[in-house]
Amino acid sequence: MKIPKKIKILGMVFDIKIEKDCRAEDNSICAAYIQRDYGVIVLEEGLHPDRMGQALFHEILHAVDIRGELDEEQTDQFAHSLYQVFKDNKLLKDA
């Protein structure tokens, strides 16, 4: 999947950055994280292309889950499932 440089989510434009040594706010190593207040999604450099796509979908779900009702496991499940549906139906742009 081609990772865009920007994505519009619920009327807000988020910059998508790919960085080495991706770390969440608590300094833990992660595949991706979102800074909703700053309009930034960060993805870990070097991830397998499918894993990077799943991570992006995961962070998009965090962005739309305004009330924080999904836990991490639910977010992962939905992200992986939606990514696979988009991929299987050729709805993703190729790199």
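Residues considered: L43, L82, L70. Of these, the only one that is assigned to a loop (DSSP other than H, G, I, E, B) and surrounded by 10 or more Cβ atoms within 10 Å (Cβ to Cβ) is L70. If you go through the stretch 46-61 and keep only what is part of a loop (DSSP other than H, G, I, E, B) and surrounded by fewer than 16 Cβ atoms within 10 Å (Cβ to Cβ), you end up with G46, H48. Can you confirm whether I18 is among the β-branched types (V, I, T) and either under 10 Å from the mean Cα position of the chain (by Cα) or over 16 Å from K2 (Cα atoms) (or both)? So I18 does not fit the description; no.
Only a single criterion out of (1) on the phi < 0 side of the Ramachandran plot; (2) within 13 Å of the chain's Cα centre (by Cα) is not satisfied by G39, namely (1). In the stretch 29-37, is there at least one residue being touching a strand residue (DSSP E or B) at 6+ places or on another chain (Cβ under 9 Å), over 16 Å from P4 (Cα atoms) and assigned to a helix (DSSP H, G or I)? Yes, some residue in the stretch 29-37 is touching a strand residue (DSSP E or B) at 6+ places or on another chain (Cβ under 9 Å), over 16 Å from P4 (Cα atoms) and assigned to a helix (DSSP H, G or I).
When the stretch 20-44 is filtered for residues that are closer than 19 Å to D76 by Cα and either among the polar types (S, T, N, Q) or touching a residue at least 40 places away in the same chain (Cβ under 8 Å) (or both), the ones remaining, listed by number, are S28, Q35, L43.
Going by the conditions given, is D65 among the charged types (D, E, K, R) and either over 22 Å from M12 (Cβ atoms) or surrounded by 10 or more Cβ atoms within 10 Å (Cβ to Cβ) (or both)? Considered against the rule, which asks whether it is among the charged types (D, E, K, R) and either over 22 Å from M12 (Cβ atoms) or surrounded by 10 or more Cβ atoms within 10 Å (Cβ to Cβ) (or both), D65 comes out as yes. Scanning the stretch 22-75 for residues that are in contact with a Cys (Cβ under 9 Å, 6 or more places away or on another chain), charged (D, E, K, R) and modelled with pLDDT under 95 gives a single hit, R23. Taken over the stretch 14-31, the residue count meeting the criterion of being in contact with a helix residue (DSSP H, G or I) (Cβ under 6 Å, 6 or more places away or on another chain) and surrounded by fewer than 15 Cβ atoms within 10 Å (Cβ to Cβ) is 0. Contact annotation: no residue pair with Cβ atoms under 7 Å, 6 or more positions apart or on different chains, pairs a residue in the stretch 3-19 that is over 18 Å from E45 (Cβ atoms) and touching a residue at least 12 places away in the same chain (Cβ under 8 Å) with a partner that is surrounded by 12 or more Cβ atoms within 10 Å (Cβ to Cβ) and of a type in the set (S, T, Y).
The values are calculated or read from the model by the stated rules, or taken from the named source; none is laboratory data. Please read these numbers as outputs of a predicted model, since none were measured by experiment. No Cβ is skipped: glycine too gets one built from the backbone with ideal geometry, and neighbour counts run over all protein chains shown.
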